[in-house]
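Heads up: the structure comes next, in structure tokens.
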Amino acid sequence: MSPNHTTVSRRHPSMISRAVRGIIRRCKELRNTIEWSAVHAVRREAPWSRNRWGQRYQAVSLSEYHYLRDGNPETYESALIERTIRPGMTIVDVGANHGMFSLEAAHFIGGKGVIHAFEPTPSTRNLLLNNLAINNLAAVKVFPSAVGEALGTARLRVHREMSGLNTLADQEITWNRKPLSADEIIEVAITTLDAHAEAEGLDQIDFLKIDVEGFELGVIRGARGLLREKRVARIMLEVGDVTCDNAGIAPMEVLDELWSLGYQLHEISPNGEIADCIQAFPSSTFSANFFAVPAKG
């Protein structure tokens, strides 16, 4: 390194730091470009691949490409499914997307179990139906509405290449610290879990999974009848400050609602272990995965 460069490094270390961060960011962008090329190759040449349970699954996004290549990117989710879901269970999947959770859960419920999967985005729901059909999973029933606090309609912001970020937010959401514009906005029907359980004759929900990008509070409030009567045995959900901020709420509101309804909360570790009961939102991270069960006593 020349004397001039050495002087700049010593006097302006922040300049070097910014340069290094820029190089790292560019490398990540190039890696994503290469991997997206692989995704499109998967679409063209091998539209159906198999997950760890031998189920066929169509990769249509970068995260799903990783799922087929490396296993479910939500490692905790796969581990928790394997630990807790048993034959004959009644399961509700709110925010089913293309079916990663529903497919894996269906592997364990057997012929007498049932899964009710909610996916309001038409294009996403079609892929979900395709993934179920190719695996002959008649036990999974798909419903086209979103789930919330009250019956009605809402505007859904659709992100075609990142369907996991589809949201009921009123404005552009933030993703990776940047605004993310929707490709289209559509009107969808809203149901509640209380209304759905009554209409479908569900006396008990053995496992409820909620993944609705910050709108978990509305789903929980729309299930107050079920939850007060402890008719939901297990709940898995992710709560984070970014998604909650997009929805206009604070993460603690979600936890407080579950506590008020008589549920205790446990944080889920990355390997799917259920930790001790918690009393506050973990302050060390911007998001956490939770497992809720009726409080003892």
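Observations
- Meets criteria (assigned to a loop (DSSP other than H, G, I, E, B) and surrounded by fewer than 23 Cβ atoms within 10 Å (Cβ to Cβ)) for Asp256: no
- Screening Phe291 with (1) surrounded by 19 or more Cβ atoms within 10 Å (Cβ to Cβ); (2) touching an Asp or Glu at 6+ places or on another chain (Cβ under 9 Å); (3) at pLDDT below 95 gives one miss only, at (3).
- Condition check for Glu82: at negative phi, within 18 Å of the chain's Cα centre (by Cα), of a type in the set (D, E, K, R) and at pLDDT 90 or above: yes
Rundown of residues vs (1) surrounded by fewer than 19 Cβ atoms within 10 Å (Cβ to Cβ); (2) of a type outside the set (Val, Ile, Thr); (3) assigned to a strand (DSSP E or B), yes/no style:
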| residue | (1), (2), (3) |
| --- | --- |
| Gly214 | no, yes, no |
| Lys230 | yes, yes, no |
| Val239 | no, no, yes |
| Asn246 | no, yes, no |
| Leu265 | no, yes, yes |
| Ala275 | yes, yes, yes |
| Ala280 | yes, yes, no |
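- For the range 183-212, the tally of residues that are more than 21 Å from Thr121 (Cα to Cα) and surrounded by fewer than 23 Cβ atoms within 10 Å (Cβ to Cβ) stands at 11.
- Evaluating Glu161 against the criteria (1) more than 24 Å from Ile249 (Cα to Cα); (2) more than 16 Å from the chain's Cα centre (by Cα); (3) modelled with pLDDT under 95 leaves one unmet condition, (2).
- Of residues in the range 218-228 being free of Cβ contacts under 8 Å to residues at least 60 places away in the same chain and over 23 Å from Gly272 (Cα atoms), the one surrounded by the most Cβ atoms within 10 Å (Cβ to Cβ): Ala223
- Criterion (in contact (Cβ under 8 Å) with a residue 24 or more places away in the chain and on the phi > 0 side of the Ramachandran plot) met by exactly one of Gly201, Gly248: Gly248
- Within the range 191-227, restricting attention to residues that are β-branched (Val, Ile, Thr) and at pLDDT 95 or above, the residue that is nearest to the chain's Cα centre (by Cα) is Ile210.
The values are calculated or read from the model by the stated rules, or taken from the named source; none is laboratory data. As the structure is a computational prediction, the values presented were derived from the model and not from experiment. With ideal geometry, Cβ positions are generated from the backbone for all residues, glycine too; neighbour counts draw on all protein chains shown.
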